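The values are calculated or read from the model by the stated rules, or taken from the named source; none is laboratory data. On a predicted model such as this, the values are computed, not experimentally measured, just so you know. For neighbour counting, all protein chains shown are included, and Cβ atoms are generated from backbone atoms with ideal geometry for every residue, glycine included.
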Amino acid sequence: MPEILVRRQGAVGMAVMSNPDKYNAMSLQMWRDLSGAIAELDADPSVHVIVLAGDGEKAFVSGADISQFESERTDPAAQQRYNEAVDAAYLAPIKAGKPVIAQIRGICMGGGLGLAASCDMRICADDARFRMPAARLSIGYKQPGVRRFVSLIGVQNTYDIFFTARTFGAGEALRMGFVSQVVPVAQLEETVRSLAATIAENAPLTARAVKLTVNAFLGGVEGVDAAVAQAAIDACSVSDDYREGVRAFGEKRKPVFAGR
């Protein structure tokens with residue numbers, strides 16, 4: 001059954017897109033549930049980092065489940081409901097106050113590529129294959145999504161992947177700057193786990209302030225501007241975590257942050 005699986009591993013929360021028979025293509029319900037799953041993990045004080053991954057060995061997300069288009073996008077009202085669910089899922093990693101990492105192996109195309117672009121960091125296996133097929137379906141890609149790609153990979157690479165709708169591999173994704181690391185398949189989970197654990201040890205308020213600052217700079221997130229980012233920055237220096245960090249530094253020990 002197509003679904004979003006929520007898992008917790010210590011301070012790391014995972015949202016797993018599960019529709020393995022269709023390379024984890026996203027059904028309408030999966031789009032709807034993903035935003036809720038990310039919000040749930042973001043609200044959990046025991047979770048410091050969120051990881052998005054695909055179920056199985058073949059795909060991160062292959063895109064939207066196109067077989068549902070005739071049944072779920074039959075009229076303007078239905079199409080609007082569908083688009084709202086997709087937009088909410090894309091925004092969920094951006095709006096989360098915690099770092100969100102995309103763990104990518106196999107197919108990452110269409111809606112999967114857009115979802116990965118919404119995450120803060122992307123690590124992929126060397127078997128990853130990427131594609132933006134909008135031009136093969138005559139889909140007008142929304143402005144916030146295009147803006148995210150331009151901010152990540154630049155104007156020329158954005159034109160390239162949208163105009164050509166070609167498939168490209170992990171090495172080219174690294175060259176473009178879409179992913180920060182390419183690792184062998186066998187090392188992907190451990191690499192992401194190690195990265196997430198390192199981030200989880202650090203101050204959550206600092207991570208939140210950085211995310212808000214980046215989002216304010218890039219624009220496209222309602223209610224997030226320079227003033228909101230500055231308030232988050234200022235909150236760090238009067239927090240319990242700041243005092244804990246200073247004490248731990250003086251005592252030559254690891255700080256234990258509580259996110260307040």
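The rows are residues; the columns are (1) without any contact (Cβ under 8 Å) to a residue 24 or more places away in the chain; (2) touching a Pro at 6+ places or on another chain (Cβ under 7 Å); (3) over 18 Å from residue 84 (Cα atoms).
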| residue | (1), (2), (3) |
| --- | --- |
| 105 | no, no, yes |
| 110 | no, yes, no |
| 122 | no, no, yes |
| 128 | no, no, yes |
| 142 | no, no, no |
Some residue of segment 204-216 being among the hydroxyl-bearing types (Ser, Thr, Tyr), touching a residue at least 60 places away in the same chain (Cβ under 8 Å), surrounded by fewer than 19 Cβ atoms within 10 Å (Cβ to Cβ) and in a helix (DSSP H, G or I) = no
Please state which one of 171, 245, 145 is surrounded by fewer than 16 Cβ atoms within 10 Å (Cβ to Cβ) and out of contact with any Asp or Glu (no Cβ under 7 Å at 6 or more places or on another chain).
-> 171
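Would you point out the residue of segment 167-201, among those that are assigned to a loop (DSSP other than H, G, I, E, B) and touching a residue at least 40 places away in the same chain (Cβ under 8 Å), that is nearest to residue 98 (Cα to Cα)?
201
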Give me a count of the residues in segment 225-240 that are free of Cβ contacts under 8 Å to residues at least 24 places away in the same chain and of a type outside the set (S, T, N, Q).
-> 9
Restrict the check to segment 124-143 and report whether at least one residue is of a type in the set (A, V, I, L, M) and closer than 26 Å to residue 207 by Cβ.
-> yes
(1) in the same structural domain as residue 242 (by TED's automatic domain parsing); (2) within 17 Å of the chain's Cα centre (by Cα): which one isn't true of residue 174, the others all being true?
-> (1)
